[in-house]
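> I'd like to ask you about the structure that follows.
What follows draws every value from the coordinates through simple rules; no lab data is involved. These numbers were taken from a predicted model, which means no experiment stands behind them. Please note: Cβ atoms are built from the backbone with ideal geometry, for glycine as well, and neighbour counts cover all protein chains shown.
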Number of protein chains: 2
Amino acid sequence: MGKVGIVSYGITKFSKEDSKIESLLLKSTKKLFENSPNLSRNDIDAVLVSTNNNSKYLSAILSEMSGIQPKISHTVESLCNSGTNAIVSAYSYIASGLADVVLVSGAERYDSPGQILEWDNSRGEFKHPIFWASIFTKSYKREFSITDEDLAIVSVKNHKQAQNNPNAISEKEYSLDDVLNSKRLTDDLRLLDCSRPCTGGASILLTSEDFCSKFTDDPIWITGIGQKTISAGFTKNTFDYMESTRIAASSALKMSKHNSSDIDVAEIHDAFSVCEPMALESLGFTDKGSGMDMVKELYAANNFKINPRGGLIGSGHPLGATGIAQTIEIVQQLQICANKRQVDDATIGLVHNMSAAATSSTVLILEK
Amino acid sequence: MGKVGIVSYGITKFSKEDSKIESLLLKSTKKLFENSPNLSRNDIDAVLVSTNNNSKYLSAILSEMSGIQPKISHTVESLCNSGTNAIVSAYSYIASGLADVVLVSGAERYDSPGQILEWDNSRGEFKHPIFWASIFTKSYKREFSITDEDLAIVSVKNHKQAQNNPNAISEKEYSLDDVLNSKRLTDDLRLLDCSRPCTGGASILLTSEDFCSKFTDDPIWITGIGQKTISAGFTKNTFDYMESTRIAASSALKMSKHNSSDIDVAEIHDAFSVCEPMALESLGFTDKGSGMDMVKELYAANNFKINPRGGLIGSGHPLGATGIAQTIEIVQQLQICANKRQVDDATIGLVHNMSAAATSSTVLILEK
């Protein structure tokens, strides 16, 4: 089985823009073509769309709008980690020999239907993600003696880091007081603790090893893949630890033959402020209960190796595009072209993308 | 790269039942488990859902309801050929080494949102599939001097064949006059020329070669895969021939090292009566313009090698389940357990599944 590389990408500004889903998919795909002078429409064997949008047949529509006539073409949906699911599917099409060149394009509108968790009647009317995030936050704070002031640092840090990301929805820094004084949504969550659903698109191009050199001298290899679905309903979940993330990270690191200490830069799924320290623990970057210490240390040292583009809190969270945007950030970091966001000596990176209270997670390891 | 086999299946009755999509997915999955005494929930590495339903995260929901905690889990959508797209995706997960055992479950409700083609504004308000089918029918009739009486035979034949399919929605035979006197929907289409959107579910289990023997002594191998997307908008299409089907069939047959004359039994995507003769030509079973002659000969000889379960016209068309139900029929034929539908000497079978005026097609070759 040959290697699979990421050879190009395109991404839009994340915003509250009222665009059609088809236009959003096309926009980042066009940017990808602009970034790939040697890419011909005929090169593309498969087009996978990642979205929670209710429109059907979007991969065929994107293909027609882009002048591509692919063999394989369909939409992939798995709520917030649709993007990395589509990337792993692209990997499998290539590694299986069914395709050599795959375009993955993710997009979402600010009013995505994926924001409301309709299926879990055990939660009554508490269907918005802020409710699981609120339970996570309460449990995590109680278990590890974490305060609201501690968690606010995640938001301060990620909004700050987003100021170096030209595509981020966040346009200004916030102080600790700004976060703590922002609108209180639940007992434990304020507005600035939350990532914002938004409009945006992101596309990447993956190829087999043999085809990489046509498109780039600097491919980024997917060397580790880990995925796990624990449940769909929230009631079976752990509340202060992400078990699906732990399992996915363990598989991905094993496949890549690395340890978490080898990772130079990582995109973490900080849908809410509590998710960043919890994920850092579950990914094995630090011990249980010490995720917040790690966040504080990084922030104090102005070290932005975790969520250099500002994470979901700073960048915005267009569901179907998020996992792809996270992956593009790590590609840029490893290609040493992340401008002001560039982390020193970035050679091994990690992407962590999850859905619905970490009931499922995907972890990717990327390398030069 | 090892082989990929189909080792079990489960299917529901197709009906106009008002069931929840989650219940439909679970129903055929339960039947699959009942058919697989050696299958443990822990065996399953991936759960792929095929549907046009707007509900999100259905693969995680199905997994939780079934007690499965898969690695890979997402929905695949590509309108009417979502089912075979999900099967090909399952194939790629296995052939790439990312999974050994994959459950593919498709389901749809009678009121599926995939029935209305929202994106093609070039058609004004003519968004229902009967309008493309009507243009297909008019063009095909004119080009090859085919009559309404000729095409009605497709419906008569497939309703008749469906009477031996316990899961079919059709519950009686129709005469030529019944078809010709059924409600006229457009200039060229009557009610009985159309497959009916309906409620139904179908699941199959695919495994790597090494894992097959745990589940069955009689695996059916996927030896050929062909897929092609030509366009999404109808205006770029051919009207009396299915170009995407021709290309998909050519690829699938080449991969399987067979010719169309080697095929013993086939499931053809007869969304409308005209689709069967057109597809027979595009698949290479007969020459251009002689598809209707082939249908007539088979009907006269009571040879049901084409659409033994009654096709979409006889069985009903629950979009996301259709491609999986077609595949199950060919598996049963090759395992010589199709009861009254059994075709003689069935060793090589073909599945043809398409979307939206054959703007995209999937062809699978299955073998003992």
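> Need the C-alpha centroid separation for region A:252-296 versus region B:173-233, integer Å.
46
> Next question, about the same structure. Restricting to DSSP H runs of at least four residues, report the calculated mean residue ellipticity at 222 nm for the protein assembly as shown, -39500 (n - 2.57) per run over all residues, nearest 500 deg cm²/dmol.
My calculation for the protein assembly as shown gives -11000 deg cm²/dmol from helical runs alone.
> Further, regarding this structure: Averaged over peptide A:95-103, how many Cβ atoms belonging to another chain are found within 10 Å of each residue's Cβ?
Per residue, the number of nearby Cβ atoms from other chains is 4 on average.
> Within 10 Å of each Cβ in A:74-85, how many Cβ atoms from other chains are there, averaged over the peptide?
6
> Among B:108, B:209, B:149, whose mean-square fluctuation peaks in a Gaussian network model of chain B (Cα, cutoff 10 Å)?
Judging by the Gaussian network model, the answer is B:149.
> With +1 on each Lys and Arg Cβ and -1 on each Asp and Glu Cβ, how big is the dipole of the protein assembly as shown about its Cα centre, in debye rounded to the nearest 20?
In debye, rounded to 20, the protein assembly as shown gives about 460.
> Taking beta carbons within 10 Å but only from partner chains, what does the mean come to for residues A:229-241?
3
> Which whole-number percentage describes the relative contact order of chain B, with Cα contacts under 8 Å and a sequence gap of 6 or more?
26
> Past the 15 angstrom mark, what percentage of all C-alpha to C-alpha distances in region B:141-188 do you count?
50
> Separate question: Kindly express, to the nearest 10 degrees and within the range 0 to 90, the angle between helix B:148-162's C-alpha long axis and the longest C-alpha principal axis of chain B.
The answer is roughly 30 degrees.
> Taking the Cα centre of chain B as the origin, how large is its charge dipole in debye, to the nearest 20, when only Lys and Arg (+1) and Asp and Glu (-1) carry charge on their Cβ atoms?
480
> Looking at A:52, A:33, A:69, which one has the Cα that reaches farthest to the positive end of the dipole of region A:1-89 (charges on Cβ: Lys, Arg +1; Asp, Glu -1)?
A:33
> Would you mind calculating the gained length between residue A:209 and residue A:368 on full extension (0.36 nm times residue separation, minus the Cα-Cα distance), in nm to one decimal?
Between residue A:209 and residue A:368, full extension yields an extra 55.9 nm.
> How many angstrom lie between the Cα centre of region B:307-368 and the Cα centre of region A:1-58?
Cα centres, region B:307-368 to region A:1-58: 33 Å.
> Using the Cα centre as the reference, give the magnitude of the dipole from point charges on the C-beta atoms of region B:187-229 (Lys, Arg: +1; Asp, Glu: -1; all else neutral), rounded to the nearest 20 debye.
About 160 debye.
> Find which of B:317, B:365, B:268 sits farthest along the positive direction of the dipole of chain B, computed with +1 on the beta-carbon of Lys and Arg, -1 on that of Asp and Glu, about the Cα centre.
B:317
> To the nearest 10 degrees, how steep is helix B:21-34 against the longest Cα principal axis of chain B, on a 0 to 90 scale?
Relative to chain B, helix B:21-34 is tipped by roughly 60 degrees.
> What are the label-to-label distances in nm, one decimal and shortest first, from residue B:186 to the same spot in the other copies, with labels 7 Å along Cα to Cβ?
For residue B:186, the other copies' label points sit at 5.0 nm, shortest first.
> Now, a different point. Label-point separation (nm) for residue A:293 and residue A:20, each offset 7 Å from Cα along Cα-to-Cβ?
5.5
> What are the label-to-label distances in nm, one decimal and shortest first, from residue B:54 to the same spot in the other copies, with labels 7 Å along Cα to Cβ?
0.1
> Give the angle, between 0 and 90 degrees and rounded to the nearest 10, that separates the Cα long axis of helix A:319-334 from the longest principal axis of the Cα atoms of chain A.
80
> For region A:212-222, what does the Karplus curve 6.51 cos²θ - 1.76 cosθ + 1.60, with θ = phi - 60°, yield as ³J(HN,Hα) per residue in whole Hz, taken in order and with x for Gly and Pro?
3, 5, 5, 10, 7, 8, 9, x, 10, 8, 8
> Considering Cα pairs under 8 angstrom that are at least six residues apart, work out the relative contact order of region A:56-164 and quote it in whole percent.
Normalised by residue count, the contact order of region A:56-164 is 11 percent.
> Considering only the label points, 7 Å along Cα→Cβ from Cα, what distances in nm to one decimal separate residue B:30 from the same position in each other copy, shortest first?
5.1
> Could you sort B:59-65, B:211-217 so that the peptide with the highest average Cβ count within 10 Å comes first and the rest follow in order?
Averaged packing, sorted descending, gives the order B:59-65, B:211-217.
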